[in-house]
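One structure below.
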Amino acid sequence: MWTRILITTLTAALLVPGGAASAHADRAAPPDKIPLPAGFQPEGIAAGPGPVAFLGSRATGAIYRADLDTGKGEVINKGPGTPSLGMKIRGEMLYVAGGSAGDARVVDTKSGNVLQSYKLTQERAFVNDVTVASDGAWFTDSFNPRLYQIPLEGCGPVKTLPLTGDIVFQEGFNANGIAVAPDGKSLIVIQSNTGKLFKVDPGTGVTKALDLHGETLRAGDGILADGKTLYAVQNQLNSVAVIELNDEATEGKVVKKLTDPRFDVPTTVAKAGPRLYLPNARFSTPPTPETPYDIIAVQP
């Protein structure tokens, strides 16, 4: 009887077309390392909607679109010859920080066309990162104590918000990564040269240092908010600090440090599905047209 049951079970399994086991076996796992064009010099990354990521070149400003399922991709915009650094997505629009050019661009994620360009300041500046809030896209300036805001759609004026309160700008890179706080109203900024996080009132520009209970986020770069979890990339340390914030984003606790032997000075982080994706900027490696670059995927 047991023989007959076994044969019947095996026969039934073989007769099921496209069974779950067969489908699972045929579906390859997405790659956890994605190559970028040689010499690309990535810095910023943004992901979505779906399994796609966009990266900017700090050398040429080119925008690269990568398929996270296959690892393949293409340059969708050759860039203006000035940097494309931090970036964020809203719908089909990609907001791009222009670094030393002191500008910002809005790029169509489908066509790669530039929809809008903004000159944020005429002064010496380093427009480093961007986040998208309900009232506009906000950009940091690592050289000047201010944020810049542009409208989410259409053309409109640039708003300049001076930063006051706890943050004190020093020599080197100051305000860098930026994210929307869990309350959806405030902003969070990391200061690279001090390793501190600040909560920013976007109405007044007043900053308040977050209590990290003795932790310092040295070499802090891009940050990503996912609910009350904040990921802070520490580039030269080849690490990502995982910080649990309180409801008011007035304090946070570092609960984990993510590291990977494949990290080579990652700068920013994006989340797609259950994975975090980080571009290796390789700041310690002299760039050439043949220098290889890649994206590394890790589990948070």
(request) Within 10 Å, count the other beta carbons around each residue, average over each peptide in 47-56, 262-271, and list them highest first. (result) 262-271, 47-56
(message) Under 10 Å, Cα contacts only: if you run a Gaussian network model on the chain, which one of VAL130, VAL189, VAL206 comes out with the highest mean-square fluctuation?
(response) VAL206
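Could you work out how much longer the chain between ARG262 and THR216 gets when fully extended? Use 0.36 nm per residue separation minus the Cα distance between them, nm to one decimal. Intermediate values should be presented prior to the final figure.
Details: separation 46, 0.36 × 46 = 16.56 nm, distance 2.37 nm.
Extra length available between ARG262 and THR216 comes to 14.2 nm.
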(message) Taking the 0 to 90 degree range and rounding to the nearest ten, how far is the long axis of helix 2-15 tilted relative to the main principal axis of the chain, both from C-alpha atoms?
(response) 50 degrees
(request) Can you pull the one-decimal nm distance between simple spin-label points at ASP201 and THR70, each 7 Å off the Cα toward Cβ? (result) 5.1 nm
(request) Name the long-range amide H neighbours of GLN116: under 5 Å, sequence gap of 5 or more, or other chain; modelled H, no Pro or chain starts. (result) VAL106
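Could you size up the charge dipole of the range 32-298 around its Cα centre, putting +1 on the beta carbon of Lys and Arg and -1 on that of Asp and Glu, and report it in debye to the nearest 20?
On the way: 26 positive and 29 negative charges, 51 e Å.
Here the size comes out at about 240 debye.
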(message) If you take Kirkwood radius over Cα pairs in Å from the coordinates, which of [x] 21.1; [y] 20.0; [z] 23.5 do you get?
(response) [y]
(request) Search the structure for amide H atoms under 5 Å from the amide H of ASP166, placed 1.01 Å from N in the peptide plane, and list their residues when 5 or more places away or on another chain. (result) THR207, LYS208, ALA209
(request) Report ³J(HN,Hα) in whole Hz for each residue of the range 283-300, in order, from the Karplus equation J = 6.51 cos²θ - 1.76 cosθ + 1.60 where θ = phi - 60°; Gly and Pro get x. (result) 4, 7, 9, x, x, 9, x, 9, 5, x, 9, 7, 10, 10, 9, 9, 8, x
(request) Please work out the FRET efficiency for the pair ASP135 and GLU171, using the Cβ-Cβ distance as r and a Förster radius of 35 Å; give the result to the nearest 0.05. (result) 0.65
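Going down the table (LYS78/LYS257; LYS78/LYS208; LYS159/LYS196), which pairs top 32 Å between alpha carbons? Mind dumping the intermediate values first?
Numbers: LYS78/LYS257 35 Å; LYS78/LYS208 39 Å; LYS159/LYS196 25 Å.
LYS78/LYS257; LYS78/LYS208, as the Cα separations exceed 32 Å there.
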(request) Given the options SER239, SER192, SER117, state which has the largest fluctuation in a GNM of the chain using a 10 Å cut-off (strictly under) for Cα springs. (result) SER117
(message) Could you derive backbone 3J(HN,Hα) for the range 136-153 from the dihedral phi with the Karplus parameters 6.51, -1.76 and 1.60 (θ = phi - 60°), listing whole Hz in sequence and x where the residue is Gly or Pro?
(response) x, 9, 10, 10, 8, 10, 6, 9, 10, x, 7, 10, 10, 10, 10, x, 6, 9
(message) Output wanted: per-residue J couplings in Hz (rounded whole) for the range 58-71, from phi through Karplus 6.51 cos²θ - 1.76 cosθ + 1.60, θ = phi - 60°, x for Gly and Pro.
(response) 6, 8, 10, x, 4, 10, 10, 9, 10, 7, 6, 7, 10, x
(request) For the pairs LYS88/LYS271; LYS199/LYS253; LYS119/LYS271, note any where the Cα-Cα span goes beyond 19 Å. (result) LYS119/LYS271
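The numbers here are math on the coordinates, done by the rules we state, and not lab data. Keep in mind it's a predicted model, so treat the numbers as computed, not measured. So basically every Cβ, Gly included, is an ideal-geometry build from the backbone, and we count neighbours across all protein chains shown.
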